[in-house]
Amino acid sequence: QVQLVESGGGLVQPGGSLSLSCVASGYTFSRVGIAWYRQAPGKERELVAAIALTDPVRESLTLYGDSVKGRFTISRDNAKNTAYLRMNGLKSEDTAVYFCMTHVGGLDYWGQGTQVTVSS
């Protein structure tokens, strides 16, 4: 079964940094895109960052939500079946549950989420 497990959330001060991890299993990770979303209380789930693959070797597209451009970096380690989200310059408005997501076999799969709280 496709499974995604996030980790790395926690409490961070404004201006601080945090790295999240998403360990994937149940599919060929290297051949499929991966994305990070977040959802704050009372708000819609929004795209944070994504790596979309057109093939596993030569072509990819990395994109970021407008609110995190220049501060967050998405990356992946195919040997570890893991995606990462490096978050720098954190702001209070970044407080949310962060989810990783992938699309396999016509279905969306989501991790359980990890809480990120940015506060003094």
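The values are calculated or read from the model by the stated rules, or taken from the named source; none is laboratory data. Treat the numbers as computed from the prediction; the structure is a model and nothing was measured. No Cβ is skipped: glycine too gets one built from the backbone with ideal geometry, and neighbour counts run over all protein chains shown. Surface areas here come from the heavy atoms of the whole protein model, side chains and all, with no ligands, DNA or RNA. Shrake-Rupley method; radii C 1.70, N 1.55, O 1.52, S 1.80 Å.
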Among the candidates V48, V5, residue that is aliphatic (A, V, I, L, M), in a strand (DSSP E or B), more than 21 Å from G106 (Cβ to Cβ) and touching a helix residue (DSSP H, G or I) at 6+ places or on another chain (Cβ under 7 Å): V48
Residue list for the stretch 6-46, filter: more than 14 Å from V97 (Cα to Cα) and among the aromatic types (F, W, Y): Y27, F29
Residues being over 15 Å from F29 (Cα atoms) and either open to solvent by 60 Å² or more (accessible area, probe 1.4 Å) or in contact with a Lys or Arg (Cβ under 9 Å, 6 or more places away or on another chain) (or both) - total across the stretch 75-89: 4
Residue check, D66 surrounded by fewer than 15 Cβ atoms within 10 Å (Cβ to Cβ), of a type outside the set (S, T, Y) and more than 17 Å from V5 (Cβ to Cβ): yes
The stretch 28-46 residues that are of a type in the set (S, T, Y), paired with ones that are assigned to a strand (DSSP E or B) and surrounded by fewer than 21 Cβ atoms within 10 Å (Cβ to Cβ) (beta carbon under 7 Å, 6 or more apart): Y37/E46; Y37/L47; Y37/M101
Counted residues, the stretch 90-104 - those being open to solvent by 80 Å² or more (accessible area, probe 1.4 Å) and of a type in the set (G, A, S): 0
Pair list, Cβ under 8 Å, 6 or more apart: the stretch 58-69 residue free of Cβ contacts under 8 Å to residues at least 40 places away in the same chain, other residue in a strand (DSSP E or B) and among the β-branched types (V, I, T): S60/I51; L61/I51; T62/I51; T62/I74; Y64/V48; Y64/I74; G65/V48; V68/V48
